[in-house]
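Everything below concerns the one structure shown next.
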Amino acid sequence: MRKNLNVIAAYSIMMVLILMVGIFQSWNIALSIFNLCLISAVMTMGANIQWGYAGLINFGIMGYTALGGLAAVLISVDPVQEAWRAGGFDILMALWLIVVMVLVIRFILKRFEKSKIRTYSIAAIIISGILLIRFSAEPGIEAIEAVDPAKTGFLGGFGLPIIFSWIVGALFAGGFSIYSWKSCTWS
């Protein structure tokens, strides 16, 4: 019985705090916080079913959530022209280096059989790629963050309505799941 009282007290405190935000700040902010609480509750229930009842640790839930958040930022946030002018090219070059690095590693994994040389070459590509990306992207990152970090310290997105980000998020999640499924080795 005490366990249920703790849960009821916690929910009651949270609702009072959300109501106080609505009264003293804005009802839009209060409803946004409440919306995020509901989303977190659904994710927590999903993780609890998988981990708590079935004993399966699944950190992929957060990966797909992150893909949805990335889609929302890329699609619905307005682009920041000053940031693109300051360091957008450096960021695009870093993205290009990441794509090349992934393609080279995939090529090595498919063409060469398992050996220490293959493992060391992949490790060398990853380490050198990380260093190269860091040195090529860091000036762009600093330039973008110098624009106005509190408001526009990032590149922004396409400025489209949020409904399109849901579609793109679903495509990101589906594409990643297909990629993950195909890269698994079944024995």
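Nothing in this text is a laboratory measurement; each read-out follows from the coordinates by a stated rule. Here the structure is a predicted model, which is why all the values come from computation and not from measurement. Glycine gets a Cβ as well: all are built from the backbone with ideal geometry, and neighbour counts include every protein chain shown.
With R₀ fixed at 25 Å, the C-beta to C-beta distance from Ile130 to Gln50 puts the FRET efficiency at about 0.20. Could you state the angle between the C-alpha long axis of helix 2-24 and the longest principal axis of the C-alpha atoms of the chain, as a value from 0 to 90 degrees rounded to the nearest 10? Approximately 90 degrees, to the nearest 10. Dipole orientation for the range 79-156: of the candidates Leu97, Val80, Tyr120, Tyr120 has the Cα lying most toward the positive pole (charges on Cβ; Lys, Arg +1; Asp, Glu -1). How are the Cα pair distances of the range 79-156 distributed, in percent, across 5 Å bins from 0? Percent of pairs per bin, in order: 3, 17, 20, 15, 12, 10, 8, 7, 5, 2.
Relative contact order of the chain, taken over Cα pairs closer than 8 Å and 6 or more residues apart, is 31 percent.
From its DSSP helices (H runs of at least four residues, each -39,500 (n - 2.57)), the chain gives a residue-normalised ellipticity at 222 nm of -26000 deg cm²/dmol. Remark: the chain carries a charge dipole of roughly 960 debye about the Cα centre, counting +1 on each Lys and Arg Cβ and -1 on each Asp and Glu Cβ.
Taking 0.36 nm per residue of sequence separation and removing the Cα-Cα distance, the Asp148/Val100 pair yields an extension gain of 14.1 nm.
Of all the options Tyr120, Tyr64, Tyr11, the one that moves most in a Gaussian network model of the chain with Cα springs shorter than 10 angstrom is Tyr11.
Magnitude of the charge dipole for the range 96-144, about its Cα centre and with charges confined to Cβ atoms of Lys, Arg (+1) and Asp, Glu (-1), is about 440 debye.
Ordering Gly52, Phe135, Gly157 by Cα displacement along the dipole of the range 30-166 toward the positive end leaves Gly52 in first place; charges were set at the Cβ atoms of Lys, Arg (+1) and Asp, Glu (-1).
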